[in-house]
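Remarks on the structure that follows.
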Amino acid sequence: MPFPPPPRTLTGPRRRSLLASAAGAALLVGCSGTADDSETTGGSESATARARARAASDSASLLRQYDAVVAAHPTLADRLAPLRAEVVRHRTAFGGSDATPSPTATVPPSASTSASASAVPATAGDALAGLAAAERSLADRRAKALLDVPGELARLLASVAAAGAGHAYLLTEDAK
């Protein structure tokens, strides 16, 4: 039985390769910072300021979640310390407060400790899973928001979203 002829080999790039290359080139051109950021995306200064303030607020909220978990599960403090420090840096990068409160100093005196403790799951594993879910959710929101903001803020949002996805992975790494 004779072998069938070899399939026809195409010379040059395929259509999919060309389309992917064109899309990649368009994305790279869109990320260049040669023009004024507010002009390139049609965003205004106030919209950029609002997006930056929202991102700082989101980081502050995530920081409070880390602090609540550490307060409820002190054995996790060493494991969460580097991730918490990154969240503080993210908040600062978005223009939030430079002050780095200790995990116990973030709960206002008027708030009851039972209210913050009830929001944290009873087991350390569940608490880590809750933090991972919060990191993942925030990373997803930031990835969507970066499409609506100008260059430098979009790059910062993308970087922090990627870090948040990494945090979520690290928080669930032992659960597998």
Legend entry - List GLU45, GLU173, GLU152, ordered by accessible area with a 1.4 Å probe, largest first: GLU45, GLU152, GLU173
Inset, instruction - Quick one: which residues, 5+ away or cross-chain, put their amide H under 5 Å from the amide H of HIS73? H built at 1.01 Å from N. - result: none
Legend entry - Per-residue HN-Hα couplings for region 55-72 [Karplus 6.51, -1.76, 1.60; θ = phi - 60°; Hz; x = Gly/Pro]: 5, 5, 5, 4, 5, 5, 5, 5, 4, 4, 5, 4, 5, 5, 5, 5, 5, 7
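The values are calculated or read from the model by the stated rules, or taken from the named source; none is laboratory data. The structure presented is a predicted model; accordingly, all values stated were derived computationally and were not measured. For accessibility, only protein heavy atoms count, side chains too; no ligands or nucleic acids. Shrake-Rupley method; radii C 1.70, N 1.55, O 1.52, S 1.80 Å.
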